[in-house]
């Protein structure tokens, strides 16, 4: 996984370090201290691919989309755009998408996009991985904005599954997680067969599946709450997440 020492930005994180934070995650990403780099790493890991997919859907080729997404994050850091973010101005992901639209509208000369950090270290992105993921996007008439929302929703679930797996592994229950993971997406499971494979009773497996689904829902809510501050906003964001996944 690519990373950058100065910015601390990586493509993924599942260690749950930001489990109890909300809007403060965005505020903490301002500045250059270690805490700010950690916060920025989290935000980058959550939004870099949705933004890349948005740029690709704007008919930019993979190379330009990679350069533009990387340059956008560099500009975000260099210009201190996060200083303009405030709770009352709306959701962070809406701000980020609007900032990317503004950036693209004003970006004319993209030949040296990677060099425009003014000495600021550039965010490292895995272009091969990004394009591989983009290749799986449905070939439909979805707008770039809908693609962004869909990939944001999928990234939220990916983070949650990583965290859930890490929790189960820490408790010595990773095999149980692997057996029951399909049930989180609503798939049926042969609990008796799972119990035989793991040396558990069917009833114990059913209880474990119920608890896993409950914890899954809790973690989704925590993940969505990372850049929000009001309970009603969290509920609305959850509805948007489900809508994005079903569109």
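The values are calculated or read from the model by the stated rules, or taken from the named source; none is laboratory data. On a predicted model such as this, the values are computed, not experimentally measured, just so you know. All Cβ positions, even for glycine, are placed from backbone atoms using ideal geometry, and neighbour counts span all protein chains on display.
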Can you confirm whether residue 185 is out of contact with any helix residue (DSSP H, G or I) (no Cβ under 8 Å at 6 or more places or on another chain) and surrounded by fewer than 20 Cβ atoms within 10 Å (Cβ to Cβ)? yes
Based on what the data block shows, is residue 217 farther than 21 Å from residue 168 by Cα and without any contact (Cβ under 8 Å) to a residue 40 or more places away in the chain? no
Against the definition (assigned to a helix (DSSP H, G or I) and either free of Cβ contacts under 8 Å to residues at least 12 places away in the same chain or closer than 26 Å to residue 54 by Cβ (or both)), how does residue 184 come out, yes or no? no
Which of the following residues is over 23 Å from residue 247 (Cβ atoms) and at pLDDT below 70: 71, 105, 111? 111
Check residue 244 against each of (1) in contact (Cβ under 8 Å) with a residue 40 or more places away in the chain; (2) surrounded by fewer than 13 Cβ atoms within 10 Å (Cβ to Cβ) and name the one condition it does not meet. (2)
Hits in the stretch 166-181 - residues which are surrounded by 14 or more Cβ atoms within 10 Å (Cβ to Cβ), assigned to a helix (DSSP H, G or I) and more than 24 Å from the chain's Cα centre (by Cα): 176, 179
Taking the residues in the stretch 74-101 that are at pLDDT below 90 and more than 23 Å from residue 225 (Cβ to Cβ) as candidates, determine which candidate is surrounded by the fewest Cβ atoms within 10 Å (Cβ to Cβ). 80
Hey, residue 214 hits all of (1) surrounded by 14 or more Cβ atoms within 10 Å (Cβ to Cβ); (2) at pLDDT 95 or above; (3) within 30 Å of residue 43 (Cβ to Cβ) but one; which does it fall short on? (1)
Residue identified as assigned to a helix (DSSP H, G or I) and touching a helix residue (DSSP H, G or I) at 6+ places or on another chain (Cβ under 9 Å) among 213, 217: 213
Going through (1) surrounded by fewer than 16 Cβ atoms within 10 Å (Cβ to Cβ); (2) modelled with pLDDT of 90 or more; (3) closer than 17 Å to residue 93 by Cα one by one, residue 143 fails only at (2)
Of 163, 197, the only residue that is touching a residue at least 60 places away in the same chain (Cβ under 8 Å) and either surrounded by fewer than 17 Cβ atoms within 10 Å (Cβ to Cβ) or out of contact with any strand residue (DSSP E or B) (no Cβ under 6 Å at 6 or more places or on another chain) (or both) is 163
